[in-house]
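The values are calculated or read from the model by the stated rules, or taken from the named source; none is laboratory data. The model shown is predicted, which means the values in this text are computed figures rather than measured ones. Neighbour counts are summed over all protein chains in view; Cβ atoms, including those assigned to glycine, are modelled from backbone coordinates with ideal geometry.
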């Protein structure tokens, strides 16, 4: 099965089918319920090939994954090159970018992609090395966002941010010790929201590259938020401002 990834579970497979991202579907022959029939009908409408297979076959396709008797082979995702990013953003009506600095947990990357797609971000950029890529887990957690939102691996994140700054973008980094709150920062116009990885947050060079730093205010007994939660907070504060609500 070249150029495909496998995902399992009715919710994830249904979402991928709705994005026309599925090439083939395998359903457990032991299941003869309405949920299986509904998914098979959706697969046929989306021109995905449907197979009936034994549970043991599905277990072998996705070991250690709770597939619920439903597995799908995803079509290959478009691979965006770093050189394509300027044209991609130039074509956007109101461009803004989410930059992830060495987010390594695929569940976190998938959740960030899902929030970014829901917020209307133009692209997500992340380092090629020491960071999660678009694995099957990412695509399952993202629930179709990977198919809608360009993900652009870059060779050097700080350099990529500087290039965006040269094109008129302002980079806002999230850092717990920042003196200003995210709610007090202007997030309208061309912006790059920069979040750090799970272990240490933003790297020093990435932090120095940002035009400004902002914090999400929290009670003193809470040290930090999960990166995907922090991304959701920051992204939808930007959505609030960009929709005309302002600071």
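Observations on the structure shown:
- Qualifying residue in the stretch 129-144 (condition: closer than 23 Å to residue 213 by Cβ, touching a strand residue (DSSP E or B) at 6+ places or on another chain (Cβ under 8 Å) and not in a loop (DSSP other than H, G, I, E, B)): no
- Selection of the stretch 175-213 for residues being at pLDDT below 90 and within 19 Å of residue 160 (Cβ to Cβ) yields 197, 201.
- Flag if residue 89 is in the same structural domain as residue 106 (by TED's automatic domain parsing), assigned to a helix (DSSP H, G or I) and buried (at least 18 other Cβ atoms within 10 Å of the Cβ): yes
- Within the stretch 76-118, being within 11 Å of the chain's Cα centre (by Cα) and within 17 Å of residue 241 (Cβ to Cβ) holds for 98, 115, 116, 118.
- Helices (runs of 4 or more DSSP H) contained in the stretch 1-83 and holding at least 1 residues modelled with pLDDT under 90: 10-18
- Exactly one residue among 195, 235, 187, 205 is in contact (Cβ under 8 Å) with a residue 12 or more places away in the chain and touching a strand residue (DSSP E or B) at 6+ places or on another chain (Cβ under 6 Å), and that residue is 195.
- The residue that is nearest to the chain's Cα centre (by Cα), among those in the stretch 181-217 that are more than 25 Å from residue 86 (Cα to Cα) and surrounded by 13 or more Cβ atoms within 10 Å (Cβ to Cβ), is 198.
- A single entry from 152, 138, 143, 172 fulfils the requirement of being assigned by TED's automatic domain parsing to the domain that holds residue 93, at pLDDT 95 or above and in contact with a helix residue (DSSP H, G or I) (Cβ under 6 Å, 6 or more places away or on another chain): 152.
- Members of the stretch 159-177 that are under 19 Å from residue 102 (Cβ atoms) and assigned to a loop (DSSP other than H, G, I, E, B): 175, 176, 177
- Residue match in the stretch 106-118 (condition: touching a residue at least 24 places away in the same chain (Cβ under 8 Å), buried (at least 22 other Cβ atoms within 10 Å of the Cβ) and closer than 30 Å to residue 37 by Cβ): yes
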